[in-house]
Amino acid sequence: MEKSKIDFLCEYLEQNTAKQYPIANAELAESSDYIKNGYLKMLAVVMQQSGNILKTQLEVFRRIVEGAKVENAAEDYLRMALDIEIEDYINFCLECKELKLKYRWVLDAIIITCVQEKIEGQLALIAHFCESYEVSKEELRYIAAMAKAILCMNESDYITTYEIKEDTVPDVIFSDYMYLMPKSCMCSNANITIFRPTCQEDVTVQALEKINEIDTPCIKIIGAEIMNNYNLEFCNREKVILEDCRFTGGGYPIRFLDCEHVIIQNCKFAEFTTRTIYIEDISDILIDGCEFSNCMVRYSRTNGDTWKSLGGVIYSGKPKSIKRLNLMDSKFLSCGGINSYHCYYYASEIISNKRCYVCNCQFDNCWNFHAYDEKDPKDRRRTMFPEGSAAENCSFENSAAFCESVQ
């Protein structure tokens with residue numbers, strides 16, 4: 001009996017599932033051909049280890065290959081895997097262990113291996129890769145727990161996994177699987193509330209207000225784009241984490257009050273005309289891998305002490321209430337302050353009025369302008385940070401001095 005048109009349609013849909021539902025991996029797609037091909041070939045090695053590739057494993061692998069935007073098909077990598085040389089493995093691991101992409105490879109490998117039934121030999125091989133990638137046991141435990149939550153589509157497991165979070169593993173490695181989990185963009189248990197919007201429409205005033213209403217010790221916001229015409233404020237929390245977020249300046253700074261730990265990672269802040277971050281009574285705050293662009297506080301000063309401390313980007317009304325502030329691997333581009341009056345009252349400590357440890361940061365065109373486009377004159381007090389701040393491996397282009405102690 002000949003196939004019906006419906007049979008042909010079903011066959012077409014089955015063969016083209018990967019194209020319709022690719023598992024995106026932007027970092028891999030933007031990598032060199034060597035990394036892309038090595039990444040997929042090593043996943044294929046894990047699959048070939050058992051000698052029997054299951055249908056569900058192959059379907060997931062095809063979707064991963066499609067998301068990598070490569071010319072080869074999944075079957076090409078499976079054939080390449082059969083010709084693997086020890087030198088291929090060693091060379092690729094040496095390259096990959098320096099990249100955050102290694103964490104995504106481990107996640108993909110675990111999901112492929114466990115999507116249908118766990119195969120011990122494949123898991124043992126993944127463990128060897130982890131050793132070569134220099135992935136720690138704690139990092140592997142965290143990735144494996146998140147992989148389990150994704151495979152089981154269990155919201156409770158997803159939330160609980162964040163309680164063993166390893167900060168060295170960026171949340172972005174999970175993002176391409178997160179449309180499977182959870183059903184709501186906001187979820188919580190007794191310890192943590194997680195807000196992870198899937199689209200811009202999820203970021204509403206109501207959602208942001210709900211975050212503050214939920215009484216959990218920890219708050220985590222991942223991948224949100226927030227126009228800061230809303231007064232975003234975090235009070236009385238053990239930990240606040242902002243990761244992979246984008247903030248565009250409005251009428252308010254982002255405020256952290258009476259919190260133990262604040263972590264701001266891989267976030268972008270742009271076009272603030274108020275101070276960008278306001279902090280009081282914080283045990284420690286880490287700003288890591290962030291970018292501040294055109295964050296220039298506008299203020300009006302016609303009298304008072306000249307060379308007054310400004311804190312145009314990071315400001316505390318009570319600097320002594322902040323025990324530790326670290327800035328790591330971040331950029332400050334055209335940041336500082338602008339006095340809207342044409343007068344000669346200058347500003348000091350234009351980036352932060354709290355003493356900081358600053359490492360691997362870049363400062364370009366950071367000044368205070370005492371009258372629109374007139375930057376403050378050269379002076380020992382024309383600084384970006386308070387006396388006692390420390391800079392390590394930082395770059396400075398067309399900017400005020402780091403702090404007064406190094407004038």
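The values are calculated or read from the model by the stated rules, or taken from the named source; none is laboratory data. Since the model is a prediction, treat every value here as computed from it, not as a measurement. Every residue, glycine as well, gets a Cβ built from its backbone with ideal geometry; the counts of neighbours run over all protein chains shown. Just the protein is used for accessible areas: all its heavy atoms, side chains included, with ligands, DNA and RNA removed. Shrake-Rupley method; radii C 1.70, N 1.55, O 1.52, S 1.80 Å.
Take Glu397 and Ile90, extend 7 Å from each Cα along the Cα→Cβ direction, and tell me the distance between the two endpoints in nm.
So the label points at Glu397 and Ile90 sit 4.0 nm apart.
Which order do the peptides 344-355, 87-98, 236-247 take when ranked by the mean count of other beta-carbon atoms within 10 Å per residue, highest first?
Working: 344-355: 24.7, 87-98: 14.8, 236-247: 19.7.
Put in order of decreasing packing, that is 344-355, 236-247, 87-98.
Sum up the charges of everything whose Cβ sits under 12 Å from the Cβ of Asp258, counting Lys and Arg as +1 and Asp and Glu as -1, but leave Asp258 out.
Values: positive: Arg237, Arg255, Lys318; negative: Glu233, Glu238, Glu260, Glu280, Asp281.
Net local charge, Asp258 excluded: -2.
Based on the Cβ-Cβ distance of Arg246 and Glu75, what FRET efficiency does E = 1/(1 + (r/R0)^6) give at R0 = 35 Å, to the nearest 0.05?
Working: r = 39 Å, r/R0 = 1.12.
Efficiency, from the Cβ-Cβ distance: 0.35.
If contacts are Cα pairs under 8 angstrom and at least 6 residues apart, what is the relative contact order of the chain in percent?
Numbers: 866 pairs, mean separation 30.8, N = 407.
Answer for the chain is 8 percent.
Could you work out the relative contact order of region 191-311, using alpha carbon pairs under 8 angstrom and six or more residues apart, expressed as a whole percent? It would help to have the intermediate numbers written out before the result.
On the way: 279 pairs, mean separation 22.5, N = 121.
Relative CO of region 191-311 lands at 19 percent.
Output the 0 to 90 degree angle, nearest 10, between the alpha-carbon long axis of helix 137-152 and the longest principal axis computed from the alpha carbons of the chain.
60 degrees
Out of the total accessible area of the chain (probe 1.4 Å, heavy atoms of protein only), what percent is carbon and sulfur?
Values: 9490 of 19750 Å².
For the chain, the apolar C and S fraction of the accessible surface comes to 48 percent.
By the gyration tensor of its Cα atoms, with a ≥ b ≥ c the square roots of the eigenvalues, what is the shape of region 236-289: rounded for a/c under 1.5, prolate for a/b over b/c, or oblate?
Working: a/c = 2.46, a/b = 1.37, b/c = 1.80.
In terms of gyration-tensor shape, oblate.
Sort region 168-292 into rounded, prolate or oblate with this rule: let a ≥ b ≥ c be the square roots of the eigenvalues of the Cα gyration tensor; rounded if a/c is under 1.5, and if a/c is not under 1.5, prolate when a/b is larger than b/c, oblate otherwise.
Details: a/c = 1.35, a/b = 1.19, b/c = 1.13.
Rounded.
Of the listed values (1) 1.64; (2) 1.17; (3) 1.01, grab the one calculated as Cα Rg over 2.2 N^0.38 Å from the structure here.
Among (1) 1.64; (2) 1.17; (3) 1.01, the one derived from this structure is (2).
Tell me the relative contact order for region 298-407 as a rounded percent, counting alpha carbon contacts under 8 Å between residues six or more apart. The partial results should precede the final answer.
Numbers: 280 pairs, mean separation 31.2, N = 110.
Value for region 298-407: 28 percent.
For helix 55-67, report the angle its Cα long axis makes with the longest principal axis of the Cα atoms of the chain; keep it between 0 and 90° and round to the nearest 10°.
40 degrees
Separation between the Glu225 and Lys55 pseudo-spin-labels, each 7 Å from Cα along Cα→Cβ, expressed in nm?
4.0 nm
Using alpha carbons only, how many degrees (0 to 90, rounded to 10) separate the axis of helix 33-48 from the longest principal axis of the chain?
In the chain, helix 33-48 runs at an angle near 50 degrees to the longest axis.
Using a probe radius of 1.4 Å on heavy atoms only, what accessible surface per residue do you get for the chain? Whole Å² is fine.
Numbers: 19750 Å² over 407 residues.
Normalised by residue count, the accessible surface of the chain is 49 Å².
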